[in-house]
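J.: One structure, pasted below without further comment.
Nothing in this text is a laboratory measurement; each read-out follows from the coordinates by a stated rule. Since the structure is predicted, the reported quantities are computational estimates derived from the model, not experimental observations. Glycine gets a Cβ as well: all are built from the backbone with ideal geometry, and neighbour counts include every protein chain shown.
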Amino acid sequence: MRPAFYTSVGFQKKMTETAPETLAFQAEVSRLIDIVANALYAKREVFLRELVSNASDACDRLRYAALTEPGLLEGDPDLGIELQPDKAAGTLVVRDNGIGMNREDLVSNLGTIARSGTAQFLEQLGDKKGDVDLIGQFGVGFYSAFMVADRVVVDTRRAGDSQGWRWESDGRSGFTLAETDEAPARGTRITLHLKDDAKEYLEGARLREIVKTYSDHLAVPVRLVGEGEAERLNSEGALWTRPKSEITDENYKEFYHHVAHAFDDPWAWIHFKAEGVMEYTGLIFIPSTAPWDLFDPSRRHGVKLYVKRVFIAEGVESLVPPYLRFLRGVIDSEDLPLNVSRETLQHSPVLGRMKNALVKRVLADLEARAEKDPKDYETFWGVFGAILKEGLYEDPGQQESLLKLARFRSTKEEGWISLADYLSRMRPGQEKIYIITGDEVEALRRSPQIEGFAAKGVEVLLLTDPIDEFWPQVVGSYQGKQFQSVTRSSADLEAIEGQEEQARDEERAETLEGSELATLVAWLKTSLGEAVKDVRASKRLTTSPVCLVADEGDVDLHLARLLRQSKQGAPEAVRVLEINPSHPLIRRLASEVKDGKADKEQLADAAQLLLDQARIMEGEPPKDPSAFARRISGFIERGIA
């Protein structure tokens, strides 16, 4: 039996006499429609998937709204979607009896892209032919209708409203809006005037094939009408409620496309049912590609909460922690009340227990996949590792699990390593896990701070994500080994037995010692004054003459730079200058200072140049670029002369 919304009560034939209002598309929308309509022909059938998914979401939203306003469903309680091809008119109608839209909704949803990042999306899409992988990530699936239609008419009435509205566009110049009495009693009817080369979508067999392929998982029925008695095209029941033995990989993938509004295939999925004190079903997906706004602070996760198959909310903060915000899928609870509000959810102990169980399940699944296929897991880590590491800072209860999952770049290997790999290669006498933070791995490999560690065969982890500046201090240690930044003055190498100690000792045969070294250090302190916190002989340098290190209690070098770049007002920290007593330049400078015959101004310039060199090697500009250039020019001039 067909639902009431398919009867003539929703399709009165009297048009209001209000003249249509012509509006222009947002500039980005015009460009987007042009790209979608003319460059994405490889999978043009996905237009139907997108329209049906939007209709399904509209039904979900109405079901949720009706929990507090039951009257919204009055007279038409059976939600569904209908496809009606008309070969004579050359049109395909997609209609639903969901929440519907009013005038403001139409302008916002179909006239603009009401999300940040539109420009980035268009830039990424560019002129890629047949590349639809980015479309779903930006919630712009409706515009795919223009791949097959040269005119689209949307008649809609928001649930509870008396006034219906008509939106119409050819996808080029803009769109018109007008009041209408021909809108459904509730919901949305989209009429596609198909292009001549898209008439295949008027065939019942083709529509059956598309719905079965892309939308078989939907909880609401999708019916084909116009060829006789209404025919349901999708399976009964929500996908996550079906036994896993009845679900194919393709079913899972298509449900992911629907629930995530994405075109990539999922990297993995977890389908489970929890029974006992709490009863709930979960179908959770891990994407294979990162969404464009993954690092947007306002971004929420994409796990939808259902209660007894009724959609409640999406992105509930107390269901999934921020460091798992890349997850997509569904959690369906049997224990929460149907009339639960978003405010109540934030403080629900039931939801808190579900969150803890979900986190443990996801992390355990990741650990199992890492053991089974390390290379494939590294692919996942390369995409989402920076986000997962946020949990080391945010979630003390899961630090042990997250540390097992963490992968790092290091000075020993080109690929990813685990902390277990690191511990297995620690040198005799080594009691700490050494790390260095920066912007790029290759730049860190060349850092003067790791020279002494490399000489002793000590591995250093190379950390380049912003969160790496924070979690080591919070975590503290792993299996009894403390995390230690090599850019701090406390990074001591004396107790570690090195593989190249003899060769290194030979290299240091000619080195400053005793009074000569003390004289140079004292002179540098006087010459540089308050520009440095201290001057010390270095045990970490082997080939570079100088480097800067952070004293204990000071902000680390890279973190200070990040804070300044983000305008967080980081205090200007004065650093310790370390000198390499065996470097020819340092020995020559010591000799000049000892003799006392060199030009004092030239010696002062040399000291400042050493400090500027140390700053440059840390990615910092000289304090006074003009003075730096003048000093360089002077030394070059004297060298040439």
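J.: Based on the Cβ-Cβ distance from SER298 to THR519, what FRET efficiency comes out when R0 is 56 Å, to the nearest 0.05?
T.: Details: r = 58 Å, r/R0 = 1.04.
Computed FRET efficiency for SER298 and THR519 comes out at 0.45.
J.: Let me ask something additional. Measuring from a point 7 Å past the Cα of ARG588 along Cα-to-C-beta, which residues in the range 615-641 have an amide N at less than 18 Å?
T.: Residues 631-641 qualify, since their backbone N sits under 18 Å from the label point.
J.: I've got another one for you. Sorted by packing (mean other beta-carbon atoms within 10 Å per residue), highest first, where do 442-452, 227-237, 528-538 land? Walk me through the intermediate numbers first.
T.: Details: 442-452: 19.1, 227-237: 14.0, 528-538: 16.7.
The packing order, highest mean first, is 442-452, 528-538, 227-237.
J.: Ok, one more. So how do 517-523, 241-247, 186-192 stack up, highest first, on mean other-Cβ count within 10 Å?
T.: On the way: 517-523: 16.7, 241-247: 11.4, 186-192: 24.7.
Descending mean neighbour count gives 186-192, 517-523, 241-247.
J.: In addition: Just grab the label-to-label distance for ARG61 and SER162, each label 7 Å out from Cα along the Cβ direction, in nm (one decimal).
T.: Result: 2.4 nm between the two label points.
J.: I'd like the FRET efficiency for ALA24 and ASP196, computed as 1/(1 + (r/R0)^6) with the beta carbon distance as r and R0 of 35 Å, rounded to 0.05. Spell out each step's value before the answer.
T.: Values: r = 28 Å, r/R0 = 0.79.
Step by step, r from the Cβ atoms, then E = 0.80.
J.: Given contacts defined as C-alpha pairs under 8 Å and at least six residues apart, what's the relative contact order of the range 508-640, whole-number percent? Before the final figure, lay out the partial values.
T.: Details: 144 pairs, mean separation 39.6, N = 133.
After rounding, I find 30 percent.
J.: Same structure, new question: What is the list of residues in the range 73-98 whose amide nitrogen lies under 18 Å from a point 7 angstrom out from the Cα of ALA205, following Cα to Cβ?
T.: Answer for this model: 85-87.
J.: Now for a separate question. Please compare each pair in LYS412/LYS456; LYS404/LYS432; LYS273/LYS404 to a cut-off of 22 Å on the Cα-Cα distance and tell me which ones are over it. Write out the running numbers ahead of the final one.
T.: Details: LYS412/LYS456 12 Å; LYS404/LYS432 17 Å; LYS273/LYS404 26 Å.
Where the Cα-Cα span goes over 22 Å, the pairs concerned are LYS273/LYS404.
J.: Okay, next question. Once both labels are modelled 7 Å past Cα along the beta-carbon direction, what's the ALA627-ARG446 spacing in nm?
T.: 2.7 nm
J.: Mind giving me the FRET efficiency for THR543 and GLN479? R0 is 41 Å, r the Cβ-Cβ distance, nearest 0.05 is fine. Numbers along the way, then the final one.
T.: Numbers: r = 33 Å, r/R0 = 0.80.
So the FRET efficiency works out to roughly 0.80.
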